[in-house]
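K.L.:
Quick one: this structure, given as structure tokens, is what I'll be asking you about.
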Amino acid sequence: MAKNNNSEFATKLGVIAATLGSAVGLGSIWRFPAEVQENGGGAFLLVYLVCVLLFGIPVMIAEISLGRAGRSDAVGAYRNIHKGGSWWLGGLSGVIASYLIMGFYMVVVGWTFEYLWDSLTGSLYSGITLSDPSITDTIFHDRMEEYICSDWRPLISTFIVIAINIGVLMMGVQKGIEKVSNILIPVLFGLLLIFSGYALTMPGAAEGLKFFLAPDFSKISMPMIANALGQTFFSLSLGMGILITYSSYYPSSTNIPRTSIIVSLLTMVVAIMMGIIIFPSIFSYGGDIHSLRGTTLVFVTLPEVFAQLPGAQVWSVLFFTLLLIAALTSTISSAEVVISFVERRFKTSRVMSVLIVMLPLCLLCALSSLSFGTLADFKIFGMSIFEFLDNFTTNFLLPLTALAGVIFIGWIAPRTVLRDQITNNGELAKGLYPILDFIIRYPAPILILIILISGLI
Ligand code: PHE
């Protein structure tokens, strides 16, 4: 067991804050309610929870073990553990996944920035009368549609958030961000708690909760399971090389299973609280649940909730600030995966590496932002550029990368790697090891493979 002195306590908190900072982001706050809405409500929640508990946590443990044993960037970690073969490609696909995810994620961070700005100036709430909830709903809905479909405004805010990322990444400061997220993540939890408490008192709360919590088993299908697994990987930052990179900084005393369980459970709690906030509000404000595009949910329904509260602007500013910070602690971690890889591989300076990675990203983000407006008719496999980047990474690349990770740790790396990492070289209890070893070697790869293949057919 770890000793209880101050420095170790601080380290443990730091490890959890950093990992949680990467995990808690738009995935649980923006993407999760959208997925629930598009996949039939409670049944999706149920499948998601099962996926996190059965696969999310073991895969997280596998990736963190890989990173702490390999002690390098995502590609280097594979090479340090196993010299020959092409397994390092598993690390490379994590690096690519991180990059492509930023291609659409930054755009949503840009929307968050715009909504924060409009909350600060008050323009988001100007002209809103609360007499008729369905009119309020239409106004916020139309504003969002008009905003994301326009060419320049979303692009400008996306470039601003990329610039913020570049600024922080160039300084190479990770500590500041970790300290900030140490304070802000608990505040985010506090706010979510207040908002969900309020949402429960809304007139449509019961109906909303029924949609969110009561599973309709007829909605469970292969594509839906694939989406739930994709959401599991996305929300826990699996298959992106992030955990491999971060865990290379974990002290050797970190209890990997415990850290993974805490991070996963807290991420699930955030997602559940978001559902408790969003669905009662949709049903209360008369908005038709099926008329809203999932991607716009948070930006339409939350301002509606805020508009009802005294001090709407203050709540709105608080929420979008925290959402922005939660998102930035995620984007910085994914950008770092790519930057540190470039830095090591091409031996470029820090500043050069940041620019090499982030400048082309502006182009990719511009394409996915414009795919709501000018480029709406440009389809890849029937999807807009934004939807394609989201679906291709989440439902294909993340599971593929995670599959490589579990096969590598379960079958290719020496058997001692997983055992030593889980038990801290025998210091921690060994009880969990056989179960985790079994899941990582058999059900996890088999199921990920089945779902991957079924998604392709
Ligand atoms: N878990 C993160 C989230 O939910 C995933 C992520 C990390 C996405 C980094 C983008 C960048 O937001």
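Nothing in this text is a laboratory measurement; each read-out follows from the coordinates by a stated rule. Just so it is clear, the model here is predicted, and its values are computed rather than measured. Positions of Cβ are backbone-derived with ideal geometry, glycine not excepted, and every protein chain shown enters the neighbour counts.
K.L.:
In nm, to one decimal, how far is the modelled label at I450 from the one at L193, with both set 7 Å along Cα→Cβ?
P.N.:
About 4.0 nm separates the two model spin labels.
K.L.:
How much length would be gained if the chain were fully extended between K430 and F346, taking 0.36 nm per residue of separation minus their Cα-Cα distance, in nm to one decimal?
P.N.:
26.1 nm
K.L.:
I'd like the Karplus ³J(HN,Hα) series for region 180-189: coefficients 6.51, -1.76, 1.60, θ = phi - 60°, whole numbers in Hz, and an x wherever there's a Gly or Pro.
P.N.:
Along region 180-189, the couplings run 4, 6, 4, 8, 7, 5, x, 5, 4, 4 Hz.
K.L.:
Applying the Karplus parametrisation 6.51 cos²θ - 1.76 cosθ + 1.60 with θ = phi - 60° to the phi angles of region 330-344, what ³J(HN,Hα) value in whole Hz is obtained for each residue in order, glycine and proline being reported as x?
P.N.:
Along region 330-344, the couplings run 7, 5, 5, 5, 6, 4, 4, 4, 6, 5, 5, 5, 4, 4, 6 Hz.
K.L.:
I need to check one value: relative contact order of region 60-105, counting alpha carbon pairs closer than 8 Å and at least 6 residues apart, in percent.
P.N.:
Normalised by residue count, the contact order of region 60-105 is 25 percent.
K.L.:
Sticking with this one: Add +1 for every Lys or Arg and -1 for every Asp or Glu among the other residues with Cβ under 15 Å from the Cβ of L398, and state the total.
P.N.:
-2
K.L.:
How far apart, in nanometres, would the label points at I164 and E207 be if each is projected 7 angstrom from Cα along the Cα-to-Cβ direction?
P.N.:
The modelled label-to-label distance comes out at 3.6 nm.
K.L.:
Just the number, please: Stokes-Einstein D of the chain in µm²/s, Kirkwood Rh from C-alpha pairs, 25 °C, 0.890 mPa s.
P.N.:
110 µm²/s
K.L.:
Once every DSSP H run of n ≥ 4 in the chain is given -39500 (n - 2.57) and the sum is divided by its residues, what mean residue ellipticity at 222 nm do you get, rounded to the nearest 500 deg cm²/dmol?
P.N.:
-24000 deg cm²/dmol
K.L.:
For M383, list long-range residues whose amide hydrogen, built 1.01 Å from N in the peptide plane, is under 5 Å from its own amide hydrogen.
P.N.:
Counting only residues 5 or more places away or on other chains, the set is empty.
K.L.:
Tell me, what HN-Hα J-couplings in whole Hz come from the Karplus equation 6.51 cos²θ - 1.76 cosθ + 1.60 at θ = phi - 60° for each residue of region 195-209, using x for Gly and Pro?
P.N.:
5, 5, x, 5, 4, 5, 8, 6, x, x, 4, 4, 5, x, 5
K.L.:
On to the next question. Going by how many other Cβ atoms sit within 10 Å of their own, how do C362, C51 line up, fewest first?
P.N.:
Going from sparsest to densest Cβ surroundings: C362, C51.
K.L.:
Also: Report the charge-dipole magnitude of the chain in Debye, nearest 20, computed about the Cα centre from +1 at each Lys and Arg Cβ and -1 at each Asp and Glu Cβ.
P.N.:
Roughly 1940 debye for the chain.
K.L.:
Using Cβ counts within 10 Å as a stand-in for footprinting exposure, how do T295, T245, T331 rank, fewest first?
P.N.:
By the 10 Å Cβ count, ascending: T295, T331, T245.
K.L.:
Separate question: PRE reach from L355 (point 7 Å along Cα→Cβ): which of region 313-340 fall under 19 Å by backbone N?
P.N.:
336, 338-340
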